[in-house]
Each structure stands twice: as C-alpha cells, then as structure tokens.
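Comments concern the structure below.
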Amino acid sequence: MSRPSSGALISASGLGFPPQNLARVVVWEWLNEHGRWRPYSATVCHHIENVLKEDARGSVVLGQVDLQLVPYVIDLQSMHQFRQDTGTMRPVRRNFYDPSSAPGKGIVWEWENDNGSWTPYDMDICITIQNAYEKQHPWLDLTTLGFCYLIYFNSMSQMNRQTQRKRRLRRRMDLAYPLTMGSIPKSQSWPVGTNSGQPCSCQQCLLVNSTRAASNAILASQRRKVYSSTGNGTLAVRQSNTFNGTALWSTSMAPAGGPTKMEQVRPLNGTQHSTFSRSQSAPASTQLPGQNNLNRPGTQRTAVLSTRAAIPPGVPALPVKNLNGTGPVHPALAGMTGILMCAAGLPVCLTRAPKPILHPPPVNKSDIKPVSGINGICRKTKKKHLKKSKNPEDVVRRYSQKVKNPPDEDCTICMERLVTSSGYEGVLSHKGIKPELVGKLGRCGHMYHLLCLVAMYNNGNKDGSLQCPTCKAIYGEKTGTQPPGKMEFHVIPHSLPGYTEFKTIRIVYDIPTGIQTAEHPNPGKKFTARGFPRHCYLPDNEKGRKVLKLLIVAWGRRLIFTIGTSSTTGESDTVVWNEIHHKTEFGSNLTGHGYPDPNYLDNVLAELAAQGVFEDVMRD
C-alpha cells in the first residue's frame, strides 16, 4: 500500500558522525549470519552511547544493561561484537535516522516467532511499517524491501506470500533511541566507570580488562618487533591475517589491490624465513596499532608491513574461513587461537581462506559462440516498453465472476468478512464496483471483494495481469518494474564444476543508473546500479538452454531485476535481484552462488514458473 522508506538519513559503516547542529536518532546494529543488520534495543543503545562519550576506543559490556546479553562485549575500536563463551565476532555499526521516525518515537514493531516470544523487525522495516500505519493503510507489501511478506494492520498479522503462513505482529511503545548532535567528544582512557570515572569492578569488566591487557602486551611486543631490523633491512614480524584480509594487529593501512604471495628471504645469518610481501610497497604514512581507527569501516582494516614480514620456519598455517561461512576454521576461533598461542610464546600464522572463482579464464573473441537454438545474442528493454495502462475495473471483471451468495469467511486482502463490505470502502471509489460485491477468480476459485482486487491491482504494476494472493496463480501476462538495460548471452569453451562434459552459457546483464518512474518506490529519485555488468553462468546442455530461453522471456517481461533495498548492503533505491536466483560464481561454490549445485536448474525453473514464465510461453 505504501512506498517503503527506510527513514535512514545516514548509513554509517563503522562509527559515523552526523552533520554539525543536526539532531539524529542513533541506532546501533549488529550483522547477523544472513547479512542483515539487527538493531540493539534502545536501552542498550543508550548504554553504548554513554560509554562512547567516555572512551571512543573502549569496550562496552552489554550484560550491564541487559541480562540476556551477558556474554557479549563490543570493542569500539574494531567495531565488532565479541561473544566470550564461543569466541564469535560480528561487525557492528552506528546508524542514524530521522528523529520523527519510529526509533525516535520509541515505537517498536515485532513479530511472534515459533516459540511464542516476540522478535523486533529490522529497523528499516520497522520504520516502513510505522509509516504505513500512520497513513492508515490497511495493508503493506514488503516485497520492495526484499521480503515476501504482507502486513495486515486490521488483524495485526504478517503473511508469507509463498507459504501463506500467518504470524501475529504487535506495536509497542518503548524507550526512545538516543539523540545526538554534532561530533562525538574526544575519547578518554579505557576502561571508564559509568559514574565515578574510575574503572568498573564488575566481573564482566574485570574479564574484559584482563583480556585487553593481554592483547595490549602482545600488541606492544609486535610493535617492538616492527621497529627492530634483522640486519638486512627485513622486518621480522609475525603477521596474522584473519577475516579474509583483516589483521589481528594492524600496523598500517593496506594499499588498494595487490595479492599476497609467499617469498623466501635470507638474512645475514643465513637462516631462511618464509615471508609475505605485497605487490605494492607500503604507504609513506603508517597507522600505528594504538591509534583510533573508528572513522574507518571496522570490518576492512588490513595489515601491511613496510616491505615484508618474516615468519619463522616451521610455523603451522591455520586456514581461516570467510565471513560468509565457508572454510575450515571460523575467524573468531582462529583469532582467539592466535591471541592465546602468542601470549604463551608459541608461533602461529593464520593464512587466508581460498577466494571464490567468480570468472572463467580469458576467452578469445573467436571462441565465443551463439547459443544453439536461440536467435541472436542480445535482448534489450527500453523505456517505451515501460508505458502500460489498463483500466482496473476491466482487468478485475476479465478474470473474475460475481458471487451472489458469498460464504462467511475472510477476504485475505482486507481481512474483513466476505459477507460485509470491503475494508477499502471509503478509501477507493470505482464506478460499477460496490464495496459489498464479491468475485471469484476463474481458474483457482478463490474469492475476494471486487474492490479489494481493484486496490491490489492499483498497488501493483498495472500491467493487465492479476495474481491470486492465496495460491499465486497468475491471470494474464505478469510484468515487473525492471529498469531499461541489456541482456547478452553466448557460449564459452569452459566447463562448470559438475558439468565437465559441457561448455558454459555466459549471461551478461547490464543496467545503467537512472531516474525512478511512477512504478518504482520513489518516483523522480535517482537509483543506483551496483555491480553491473553482472555475469551469470549456466551449463550448455538441454536443461541449461531451456532455462536460458525462459530467462530471456522473463527479461522481456522485466522480471529479473527490480528497484528496492539491497539485502546485502542495506542500500535503498538500487537495482536488486527479483526472486529469480542466478549463479554468479563460475569455478567454485564458496558463496553459495556457484557450482556444483545439482538442484539449481530445477529450482530456477520453479522460480520462473512462480513468475508466470512457463515452458509453453518460450519463444526466440
């Protein structure tokens, strides 16, 4: 019903600062395993802000204000949350929102989970729900935010559009999130007590203090080694790389690019050392370990030594997994192992996890061939394709028939009884459609108020098609809101993992940035297009070519992409995938978007069918 709007004025990766003399609501958030930023409660955010004002490089013990968070500590310098009993680390960020939005008013929207407790929505979703609630919309579609849910305010319920499962939701008043203006005061020594200015003596702070002291001792030892020469100008420093490029003890900021490689260096004493070197030399100005890095993204601080860092021979290499969950050792466990072994005087070297193989080897232009059975190698969508206009009443009448004696059951659009008037009475007024009229869809037989079907159509793409909200049956030809762009496809002479006997179909999508139109969330506003051109891959076999033909149809109907909020970066008003999964990783499956995946082709055929793209509509 409403156009989603996150309400976020500033998205801060790491510790951000609002503009001078401009009030902002501060919400601290942590990154979960699904790549979504989850908000801390208002009480916890007030506690973090109080500690931040005292010491911007200190640590925040969350158990002091929330007993459920007793194991958790936030390190403000690295912007990570650390769980003391498991060693798990997660990035945190400090985000800013408008004071008039839900967090500024202390309004929290929650859904009921399987064990009967209540879980708060992500902050951008909470703000969107509150905006629709304040505008008295009867329902809200969260599709443009990347979630297949419908929110019904009359029944205070959430429905999954795919499974039809309903959950209760509630709106409650809580403490308003903290306000801030201008810059943050300078940091002081760590740790600082809440009131007295003296170190806190609780068990949590004592534990954190002792851990911090041990880390500082290790860090000081590393710093001494940085400035001690081995006699031939080579720096003898043990470097520990975790988080796929993040250093445990950073001695400088890394230059852009440059892969890490192993070399052999022979100092004057003849001892051979394995070393890391960068293809680029270190920058002239270095960042010492004790300096404050809060204004940089906390999850991407990488270590670079001035030229090379020597590691003693025989040191065990411990491979660290990526943050996405692949690899043999969790980065937090590897990091804690490194700290403990170094504190005990034992050598350790944490190596990088394997990187995903996103692209195939270089291909000569003469080796690129068209796909068998498909005309051409390119399809385009243009602005002239976007202009569509259908009379809502005509569309509803075309696919439904009036029901004289409707059953006494709910209309799943407005959640009112079918024997009563539509919930849209007074909101919509259309000639020939009275609020008490009920219609039955032709194929599936599901019944709704005709006025509700008109409202649903007006809230969609207005392309002349209807989709049953209960069974998802599509009437007519469904089209999407994909911006103009180009789709190319061809065969390359390389094989995908799991399909070694076949060549590979490569699909290249390219969508430029542009201005949103009336069918998009924010008409007239610019949208971004990150990561284009995007390369996707299919095996060049019978089923792979079948999937390609259907993807070409979906592209022509503008169903592949849409404009919304990225579930990966949280950026709004950007081009995002639209519920049809693609394989963007060519030679591996470290991210879950590659091969081998024996079920992928069947799964994507099912996703295309859910969009109304079936085998019988295939055409060149």
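At a Förster radius of 25 Å, what calculated FRET efficiency corresponds to the Cβ-Cβ distance of residue 355 and residue 571, to the nearest 0.05?
Taking R0 as 25 Å, the efficiency between residue 355 and residue 571 is 0.55.
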## Note on the structure
Of the listed links 486/525; 355/543; 369/462; 355/503; 390/543; 355/526, those spanning more than 31 angstrom between alpha carbons are 369/462; 390/543; 355/526
### Query
Toward the positive end of the charge dipole of the range 485-618, about the Cα centre and with charges on Cβ (Lys, Arg +1; Asp, Glu -1), which of 613, 603, 552 goes farthest?
552
#### Entry: For the range 485-618, with +1 on Lys and Arg beta carbons and -1 on Asp and Glu, the positive-most of 502, 532, 513 along the dipole
513
### Query
So how much accessible area does residue 444 have, in Å² to the nearest 10, using a 1.4 Å probe?
40
### Query
Projected area of the range 495-537, taken from the Cα convex hull and averaged over every viewing direction, in nm²?
4.2
### Task
May I ask you to compute the full-extension gain from residue 86 to residue 143, defined as 0.36 nm times their residue separation minus their alpha-carbon distance, rounded to one decimal in nm?
17.0 nm
### Query
How big is the gap, in Å, between the Cα center of the range 558-587 and the Cα center of the range 107-125?
25
## Note on the structure
Here the FRET efficiency for residue 66 versus residue 167, based on Cβ atoms and R0 = 30 Å and rounded to 0.05, is 0.80
### Summary
For the pair residue 502 and residue 53, the simple spin-label estimate (label points 7 Å beyond Cα toward Cβ) gives in nm 6.3
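Can you figure out the FRET efficiency of residue 542 with residue 32, using R₀ = 41 Å and their beta-carbon distance, to the nearest 0.05? Can you show the working numbers first?
Values: r = 40 Å, r/R0 = 0.97.
About 0.55, to the nearest 0.05.
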### Query
residue 95's amide H: which non-local residues (gap 5+, or another chain) put their own amide H closer than 5 Å, with H modeled 1.01 Å from N in plane and none for Pro or chain starts?
27, 28, 29
### Task
For residue 372 paired with residue 488, estimate the spin-label separation in nm (one decimal), with each label point 7 Å from Cα along the Cα-to-Cβ line.
2.4
### Fully extended contour minus Cα-Cα distance, from residue 179 to residue 581, at 0.36 nm per residue
140.7 nm
## Note on the structure
Diffing the range 476-482: the Karplus 3J(HN,Hα) column from phi (6.51, -1.76, 1.60, θ = phi - 60°), in whole Hz with x for Gly and Pro, holds x, 9, 6, 10, x, 10, 4
### Under the Karplus curve 6.51 cos²θ - 1.76 cosθ + 1.60, θ = phi - 60°, whole-Hz ³J(HN,Hα) for the range 171-178, x wherever Gly or Pro sits
10, 10, 9, 9, 4, 5, 5, x
### Message
Can you compute the modelled spin-label distance between residue 105 and residue 528, with each label point 7 Å from Cα toward Cβ, in nm?
### Response
2.9
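About its Cα centre, how strong a charge dipole does the range 485-618 have in debye, to the nearest 20, once Lys and Arg get +1 and Asp and Glu get -1 at the Cβ? Before the final figure, lay out each step's value.
Details: 14 positive and 15 negative charges, 77 e Å.
Its charge dipole is roughly 380 debye.
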### Query
Stretched out fully, how many nm does the piece from residue 118 to residue 417 gain, at 0.36 nm a residue minus the Cα gap?
104.9 nm
### Query
Can you give the three extents of the C-alpha atoms in the range 536-583 along their principal axes, from longest to shortest, in whole Å?
38, 21, 12
#### Entry: the range 392-475, Cα convex hull volume normalised per residue, Å³
82
### Task
Just check the range 23-181 against the gyration tensor rule for me: Cα atoms, a ≥ b ≥ c as the square roots of the eigenvalues, rounded for a/c under 1.5, and otherwise prolate or oblate depending on whether a/b exceeds b/c.
prolate
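The values are calculated or read from the model by the stated rules, or taken from the named source; none is laboratory data. Bear in mind that the values here come from a model prediction, so they are computed numbers and not experimental data. Positions of Cβ are backbone-derived with ideal geometry, glycine not excepted, and every protein chain shown enters the neighbour counts. Note: accessible area is taken over every heavy atom of the protein model, side chains too, but ligands, DNA and RNA are not part of it. Shrake-Rupley method; radii C 1.70, N 1.55, O 1.52, S 1.80 Å.
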